[in-house]
Each structure stands twice: as C-alpha cells, then as structure tokens.
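Each value in this text was obtained by applying a stated rule to the coordinates, not by laboratory testing. Predicted, not measured: the structure shown is a model, and the values here were computed from it. Cβ coordinates were reconstructed from backbone atoms using ideal geometry, including for glycine residues, and neighbour counts include every protein chain displayed.
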C-alpha cells in the first residue's frame, strides 16, 4: 500500500490531538492561574523497504510556564506570584502547586484556596490566621501580618525546569521532581491584591485552530488523492485483464 496514506493518517491523528489541547486551552482562558497545554511532535522514520517514509508522531504534552496577565482586585486575600514560583497546597494527601492566588479564610482561620485546599508554608504545614484579626497584610516575601504581628508566611516554591508537570484540577500541578522553597526574592515574590489570569493567549489559540483545520483539510485531500490513484489503478488493471 502507498506509504503516503499512512503518512497522511499519522498527520491527521497528530492534528486531532492538537485540536483537543487547543479546545481545552480556550475553554480555560478565564481560569485564574491556568497553564496552557502544548503538544510536542516529532518525525519517526520508517526504514522498511522499499519506501522509507517519515511519520508524524506525538512526543507528549507539556504545560507552559509563561506568566499570565496580572489583574488588580484589591482583595487582601488575593495574591499574584512574581517570577517562576508557585504556592504550595495540600491536595488529597499530597503536595501540589498552583499559581491561582485566590485565597480565603475559614471561620476557624485556616487559609485555603477557593477549592478548599490548605495553603502551606515553606515547611509544608497548613497556614492558620487569626479569624478575629482582620484583613492580613502580605509582604513581597510572603510574610503574613495581622495586627502588626507576623503570624505566618506563604510558602513559595521553585519547580525544577526539567520536571514534568501533571495537571491537578485546572490550575494546580504536581511535578515529577521535588519542588524547593524559594530563598531568593529578588526576582520572585508576592503581590497582594492581584490575581494572575490564565496564560492562554486566546488570539494565538484561534490562529492555531485555523492552522490545524487547514492542515487537517490538506491531509484529507491527500488521502482522497491516494484513494483516487488506487481506484484508477484498479480500473486500469481490470481493463487489461
């Protein structure tokens, strides 16, 4: 059978996966702290004689770490993270990390995310505020002050660049390598009263969507031309037999 048929089919499968990631990204364009999902593709060379061919294959997906836009809310329990750091949270018995800084304080004073996950300090312990202490002040290094007294600090963590990120819920991640508490706040820190939007660029994603649709159509046309060639060959052989 013509290798071009398999090459076109592998391309369509790759484009289908890319379309799925684009749809997921666009659906979460307004999700605070959401990290866009990208797909890595590569070429796989078939050396089976007599016609070597290169096939499109998916290496896997990865989460983009680029920062999203900061938006001021003036809510003292909203924080945006400057630099490549993450908030530590306790989620289902494991430690996860998020850039969604929309926090809340329970009636007991526990600091948690809007999804109900405990926010952790640098040592991995849940943070408890004074429920009667009023709105906290959060410094650039994450220190939390109420009534002039520091009662805790947000844990800011750095995830190794080589770590693979697995999505936990929409805005949180679980890395394949351990994260370390941030010690240098010259290029990283907390901005109180702001949140970080999704890092999805809606215009760029729509451009990608148009490109994927055109590529899929081109591959479909290539498959149709291959089928036409087969049919023409069958008709020719039938006429001469």
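One table, with the values for the structure above:
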{"read-out": "Cα gyration tensor of the range 70-196 - equivalent ellipsoid semi-axes, whole Å, descending", "value": "22, 16, 13"}
{"read-out": "Computed Rg/Rh of the range 166-211, alpha carbon atoms with Kirkwood Rh", "value": "1.09"}
{"read-out": "Nearest-0.05 FRET efficiency for residue 177 and residue 94, computed from C-beta distance (R0 22 Å)", "value": "0.95"}
